[in-house]
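First comes the structure, then the notes that go with it.
The values are calculated or read from the model by the stated rules, or taken from the named source; none is laboratory data. Predicted model, so just to flag it, every value in this text is computed and none were measured. As a convention, Cβ positions derive from the backbone with ideal geometry for all residues, glycine included, and neighbour counts pool all protein chains shown.
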């Protein structure tokens, strides 16, 4: 039916209303792809360049842009005879199809509708999508590496401040000596104390208030007797 419509579309005496009526006779369920309908519409617009913009929109509204193949979408995107709204729809569905391809390549399971769309593309057309995915992965790896570098720099900055003991870290603001130094021996401590006492009493004389207990000598005891 689409081939018959394409043959009569080149007739310059075919009015818009009759062309639309013949197009509506074709059920949409039987049209698996809209490439034949697009070809008939393009031939009609080329043969009737004097129709108004409103009539162009009505003619193009008979076509489902979502069912166009990749080749038809590429041709429609550069077709000056189509209205701007139709070209926008074609580009929108083409972008959506590319998104489905990208999602299908990233996920393990792909639905039958998406897989049927993927089969419309030759293998060379998937390369730009794979290149974009690889570039996104590289950017992600670069961000992870930069984050690791920032963490290492932060550790290097915190390390010297924690190694130096501060007065605020010890109670009462007193710097606690390190435990690496050995304690002073008890003898040296007693010697220092005795030296200080010797300075206070240089001649060994006790203070005046202290009582000294003396024993009489034996000679004095014998002399009394």
Residue by residue through region 37-67, note down the ones that are buried (at least 20 other Cβ atoms within 10 Å of the Cβ) and over 17 Å from residue 8 (Cβ atoms).
-> 56, 60, 65
Condition set modelled with pLDDT of 90 or more and exposed (fewer than 10 other Cβ atoms within 10 Å of the Cβ), scope region 1-16, selection nearest to the chain's Cα centre (by Cα): answer is 12
Does residue 30 fit the bill of being exposed (fewer than 15 other Cβ atoms within 10 Å of the Cβ), farther than 24 Å from residue 99 by Cβ and in contact with a helix residue (DSSP H, G or I) (Cβ under 7 Å, 6 or more places away or on another chain)?
-> no
